[in-house]
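Some notes on the structure that comes next.
Read-outs: derived from the displayed coordinates by stated rules, not from any lab. As the structure is a prediction and not an experimental result, all values here were calculated from the model. Backbone-built Cβ (ideal geometry, glycine too); neighbour counts: all protein chains shown.
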Amino acid sequence: MSFFYQSKKHLTKLPLHKVASAKACCASIASAYVQSGMIIGLGTGSTTNYFIEYLGLRIAKEGLNIQATTTSLESENLAKQWKIPLIKENSFS
């Protein structure tokens, strides 16, 4: 199975393991922009799963101090697994 993406000149085919590596890389880079004191929204999907994992690692290793809210039960459960502090979406305005 492969993932297809559209370039301007042609359709290119990537193997799924390279897509997973690219998603993990993007999530890692995105997690580096998160700073202590932030309240962040965690979406849903495979790239978000990597992002949640990287945030959890930063919390454990660096003492990153954030709060998050989630868009799905799947993301909520994963965030809890990685000990990411969660807030209810209606607790801020």
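A few points about this structure:
- Enclosed volume per residue, in Å³, of the convex hull spanned by Cα atoms of segment 47-91: 59
- Here r is the Cβ-Cβ distance between Thr44 and Asn65 and R0 is 22 Å; the resulting FRET efficiency, rounded to 0.05, is 0.35.
- ³J(HN,Hα), Karplus 6.51/-1.76/1.60, whole Hz, each residue of segment 25-31, x for Gly, Pro: 5, 4, 5, 4, 5, 4, 5
- Residue-count net charge about Leu55 - beta-carbon cut-off 14 Å; Lys, Arg +1, Asp, Glu -1: +1
- Here's how it looks for Ala68: its modeled amide H is under 5 Å from those of Ile40, Leu86, Ile87, which are all 5 or more places away or on a different chain.
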